[in-house]
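Since the structure comes first, as structure tokens, the remarks are kept for the end.
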Amino acid sequence: MNVLPVARTVRQHPAEPADDTVTLTYDDRFLRRKRLVGDGGLTFLLDLSKTTSLNAGDALMLADGRLISVCAAREPLLEVTGPDLPRLAWHIGNRHTPCQIESGRLLIQRDHVIRDMLQLIGATLREVEEPFTPEGGAYGLGRTHGHDHGQSHGGHDHGHSHDHAH
């Protein structure tokens with residue numbers, strides 16, 4: 001019986017070179033325990049003490065000291081541009097939609113409802129496939145999650161209220 005090497009530690013942007021890489025989408029970089037296969041073929045078990053949001057550039061440290069670098073996979077996104085980018089970013093944030101903010105554009109996951117809303121308020125949209133590294137949650141920590149008024153997921157209650165024009 002083969003025993004998989006186990007990674008129980010995440011190191012943020014280590015200086016040492018990695019022994020392998022693992023390329024994951026934004027959604028796949030939110031995990032706690034999972035069997036993963038590195039890009040170079042190394043199979044290992046990720047076993048963290050709590051569900052963690054991994055960032056591109058982080059490394060998973062195996063029990064034997066080897067490092068597996070985390071890379072952001074290319075995924076289908078919407079590039080958002082327009083003459084009033086801060087206003088567009090506000091509307092995206094008001095819907096709790098993960099967003100990668102750059103100087104001349106915003107990147108979000110493809111979503112037909114958000115697409116329609118952005119078109120209605122004057123955004124220019126283009127479908128792209130790129131790595132997705134959105135801003136973290138409050139104070140740059142954690143994740144922003146999709147907005148759901150109907151139910152709680154994983155013990156997460158919003159604990160806040162705000163109006164949405166419907």
Task: Cα-based Rg of the range 1-90 normalised by 2.2 N^0.38 Å, two decimals - done: 1.31
TODO: Would you kindly calculate the mean projected area, averaged across all directions, of the convex hull enclosing the Cα atoms of the range 48-129, in square nanometres?
DONE: 6.8
TODO: Taking amide H positions as placed in the peptide plane 1.01 Å from N, state which residues far from THR25 in sequence (5 or more) or on other chains have amide H under 5 Å from it.
DONE: ALA73
Open item on the list: Using a 1.4 Å probe on the protein heavy atoms only, what accessible surface does SER69 show? Give it in Å² to the nearest 10.
Closed with: 30
- [ ] Over the range 29-111, average the accessible area per residue using a 1.4 Å probe and give it in Å², no decimals.
- [x] 47
TODO: Using label points projected 7 Å from each Cα along Cα→Cβ, tell me how many nm separate THR133 and ASP27, to one decimal.
DONE: 2.2
Task: Ranking by accessible area, most exposed first, for ARG87, ARG105, ARG33, ARG74 with a 1.4 Å probe - done: ARG74, ARG33, ARG87, ARG105
TODO: Ignoring everything but the protein chains, give the 1.4 Å probe accessible area of ILE101 in square angstrom, nearest 10.
DONE: 100
Open item on the list: Quick one: 3J(HN,Hα) in Hz for the range 73-83, Karplus 6.51/-1.76/1.60 with θ = phi - 60°, rounded, Gly and Pro as x.
Closed with: 6, 5, 8, x, 10, 10, 8, 10, 9, x, x
Open item on the list: Are there any chymotrypsin sites (Phe, Trp or Tyr not before Pro) in the range 1-93 that are in a DSSP loop and have at most 15 other Cβ atoms within 10 Å? List them by number.
Closed with: none
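The values are calculated or read from the model by the stated rules, or taken from the named source; none is laboratory data. The structure presented is a predicted model; accordingly, all values stated were derived computationally and were not measured. Glycine gets a Cβ as well: all are built from the backbone with ideal geometry, and neighbour counts include every protein chain shown. These accessible areas exclude ligands, DNA and RNA; they are computed on the full protein's heavy atoms, side chains included. Shrake-Rupley method; radii C 1.70, N 1.55, O 1.52, S 1.80 Å.
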